[in-house]
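K.L.:
One structure, pasted below without further comment.
Only the coordinates and a few stated rules stand behind these numbers; no lab work does. Just so it is clear, the structure is predicted and the values come from calculations on it, not from any experiment. Cβ atoms come from the backbone with ideal geometry, glycine included; neighbour counts cover every protein chain shown.
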Amino acid sequence: MSYSKNSEMRITSKGQVTIPVGLRQRLGLLPNTEVVFEELDDGALIRPALSFRDLMSKRLRSARGVATTGRTTDEIMQLTRGAKNR
């Protein structure tokens, strides 16, 4: 299904709506992105709970220290560059 600014979507019996892929990409609504619904007089507004910058900062914080190898930076660089003396 293609996306246009006036796309109509159906709400399921569980209250779910599929957000068109083009709109998700344009707004940066990635899987597991938390959103906020704001009630307006004539409808509702959906937006990311965090700004893109805040979201990226949160993801970087959660990844910090995950890729520990027990090696020093110099050892990793030697492996990366294909150390000549092994």
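K.L.:
Could you list all residues from region 35-68 that are farther than 28 Å from V17 by Cα and among the basic types (K, R)?
P.N.:
Scanning region 35-68 gives R61, R64.
K.L.:
Of everything in region 12-70, what is surrounded by 10 or more Cβ atoms within 10 Å (Cβ to Cβ), under 13 Å from the mean Cα position of the chain (by Cα) and hydrophobic (A, V, I, L, M, F, W, C)? Give them in sequence order.
P.N.:
Once the filter is applied, which keeps residues that are surrounded by 10 or more Cβ atoms within 10 Å (Cβ to Cβ), under 13 Å from the mean Cα position of the chain (by Cα) and hydrophobic (A, V, I, L, M, F, W, C), region 12-70 yields L27, L29, L30, V35, A49, L50, F52, L55, M56.
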